[in-house]
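Read the figures in this text as sums done on the coordinates, not as results from a lab. These numbers come from a predicted model, not from an experiment. Virtual Cβ from ideal backbone geometry, glycine too; neighbours counted across all protein chains shown.
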Amino acid sequence: MFAYPWEGVTLVGTTDVDHRAAMHNEPAITPEEFSYLMMAIDFQFPSLAIRPADVLATYAGVRPVVDTGKADPSREGRDHAVWLEDGLLTVTGGKLTTFRLIALDAMKHAQSLLPGWQPDLQPRRIFAETPPLPRHPALTSLQQRRLTGRYGRHAAQLIAHANPDELTAIPGTETLWAELRWAARAEAVLHLDDLLLRRTRIGLLLREGGAAHLERIRAICQPELGWNDVRWHAEQQDYLAHWQRHHGLPPQHLLPDWRPPR
Ligand SMILES: Cc1cc2nc3c(=O)[nH]c(=O)nc-3n(C[C@H](O)[C@H](O)[C@H](O)COP(=O)(O)OP(=O)(O)OC[C@H]3O[C@@H](n4cnc5c(N)ncnc54)[C@H](O)[C@@H]3O)c2cc1C
């Protein structure tokens, strides 16, 4: 497992255990996984005395591997598989490093459904050069680099659309308030969890999913999203309930005693 810096916090993981719960339920960290990670961190960094109360958030996912009959799923290869069946294209397996191959393969399998399909499909360059941002007095050079790295040629627009007080970091994170406005305006946000967990990651970086900041987030994003008050309240309730179920800590009473003998 790893303990590495990410977005101003430390990310600890992963575990690799069989997923026995129903596949249509979104996964969450189990008490056993939580205890295992806490025990390992305590073993490796005992002087830090890290306790469950220090944990800001958790997340879990299910890795789809192609079953080739290995007894231990962790030993399965990382090859991907793609198939088209009654109009449904399924993509499974694969690795981060093979995402372009997977995408090309998916396109090839879907060619019968794609008008204007061209058989000489070639990947384009991923990293087009981005013109450097003009120096902005409200931003540090690190913040400018962060914006260029994340938003590429859209970084200048993100800054131009921000209110002056939004070019500051949300306390406890490296994310600027302006990134929320941009995501709400330009990044196809359908629900509040798209905005806080995926377009930005502040729901994983702040206690209680950033509940303490929801009023300001609302002031910035509600007009951009065009949601009325009823919709905003419903989204907020759903988000906070989702966060508790899938990104909070397992209930204390379910945690096995993880403290190693000293
Ligand atoms: C739990 C887990 C652990 C993994 N661990 C590793 C690992 O350690 N190492 C490794 O190499 N690989 C790992 N993988 C595999 C790796 O994440 C995938 O192979 C890789 O992300 C595939 O890239 P992709 O671009 O094809 O798909 P994705 O990364 O899934 O990207 C697809 C994107 O499309 C978006 N999208 C979907 N529908 C729509 C829509 N209608 N409109 C707009 N956007 C849409 C999604 O939000 C998503 O951002 C893991 C996967 C999982 C689930």
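Miscellaneous remarks
- Student exercise, segment 73-126 dipole from Lys, Arg, Asp, Glu Cβ charges, in Debye to nearest 20: 380
- Taking each DSSP H run with n ≥ 4 as -39500 (n - 2.57) and averaging over every residue of the chain yields -10000 deg cm²/dmol at 222 nm.
- Counting Lys and Arg as +1 and Asp and Glu as -1 over every other residue whose Cβ lies under 9 Å from the Cβ of Thr173, the net charge comes to -1.
- GNM result for the chain, Cα springs below 10 Å: residue of Glu235, Glu129, Glu26 fluctuating most strongly: Glu129
- Cβ charges +1 (Lys, Arg) and -1 (Asp, Glu), total dipole of the chain, debye: 800
- Dimensions in Å of segment 109-197 - Rg and Dmax from alpha carbons: 17.2, 52
- In terms of surrounding Cβ atoms within a 10 Å radius of their Cβ, Asp54, Asp194, Asp120 rank from fewest to most as Asp120, Asp54, Asp194.
- Estimated translational D of segment 73-126 in µm²/s (Stokes, Kirkwood radius over Cα pairs; 25 °C; 0.890 mPa s): 197
- Taking chymotrypsin sites (Phe, Trp or Tyr not before Pro) across segment 116-189, the ones in a DSSP loop with at most 11 further Cβ atoms lying within 10 angstrom of their Cβ are Phe127.
- Across the chain, C-alpha contacts under 8 Å between residues 6 or more apart give a mean separation that, scaled by the residue count, equals a relative contact order of 23 percent.
- For segment 169-215: Kirkwood Rh in Å [reciprocal of mean 1/r, alpha carbons]: 10.6
- Debye-formula intensities of segment 1-49, expressed as log10 I(q)/I(0) at q = 0.24 Å⁻¹, are -0.98 (one equal scatterer per alpha-carbon, no solvent).
- The three principal axes of the Cα atoms in the chain give end-to-end lengths of 56, 50, 40 Å, sorted in falling order.
- Fluctuation leader among Thr15, Thr148, Thr140 - the chain, Gaussian network, Cα springs under 10 angstrom: Thr140
- Environment charge at Ala162 (Cβ cut-off 11 Å; Lys +1, Arg +1, Asp -1, Glu -1): -1
- GNM top mover of Asn228, Asn163, Asn25 - the chain, alpha-carbon springs below 10 Å: Asn25
- Volume in Å³ per residue [convex hull over Cα atoms, computed for segment 141-246]: 96
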